[in-house]
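Derivation of every value follows stated rules applied to the coordinates shown; laboratory data play no part. From a predicted model like this one, the values you see are computed outputs, not experimental measurements. No Cβ is skipped: glycine too gets one built from the backbone with ideal geometry, and neighbour counts run over all protein chains shown.
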Amino acid sequence: MTRPRDPWPPLAITFLVLAIAGLVATFIFNVWAVVQMRDFIGDLVTSGPAVSSITVDLLVVAVAACVVIVVEGRRLGMKRWWLYIVLSGITAIAFTFPLFLAMRERRLAAHRAANGAAPPA
């Protein structure tokens, strides 16, 4: 017997679209920085107070996102939840966090469909 295909709820699709936008946008700017041979880390911390503020802001959000990935991934029994954290260092948290949220929504929808109840607490 084959397993029924997991649903793609609208919220999961929304997160997936955000993940793709995050991947494309950050990829373009990362390639641009490499082509110009910029000091990527140096630019983040020495390009003035506004850029430093945005850098700290994004770093705090990235750490919070990683905590959510660990906690929710374990709570829901998601496979390879740690891969989203690893990939965020290679791509961008703007890609991996919405991707994680999309997969989380799929997991929740599949659980609801199978059990007709809320996921484990």
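What the table shows:
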{"item": "Mean ellipticity per residue at 222 nm, deg cm²/dmol - from DSSP H runs of n ≥ 4 across the chain, formula -39500 (n - 2.57)", "result": "-26000 deg cm²/dmol"}
{"item": "Of F97, F27, F15, the one that fluctuates the most in a GNM where the chain has Cα springs shorter than 10 Å", "result": "F27"}
{"item": "Qualifying chymotrypsin sites (Phe, Trp or Tyr not before Pro) in region 52-112, DSSP loop, other Cβ atoms within 10 Å at most 10", "result": "none"}
{"item": "Sparsely packed trypsin sites (Lys or Arg not before Pro) within region 61-121, loop by DSSP, other Cβ within 10 Å at most 13", "result": "K79, R80"}
{"item": "Correct choice for Rg/Rh (Cα atoms, Kirkwood Rh) that was computed from the model, options [x] 1.08; [y] 1.11; [z] 1.52", "result": "[x]"}
{"item": "Most mobile listed residue (I69, I20, I41) in the chain, GNM with C-alpha springs under 10 Å", "result": "I41"}
{"item": "Theoretical gain in end-to-end length, L11 to D57 [0.36 nm per residue, Cα-Cα removed]", "result": "14.0 nm"}
{"item": "Per-pair calculated FRET efficiency, R0 = 22 Å: R38 and L83 via Cβ, rounded to 0.05", "result": "0.20"}
{"item": "Percent RCO, i.e. relative contact order, over the chain, from Cα pairs under 8 Å lying at least 6 residues apart", "result": "43"}
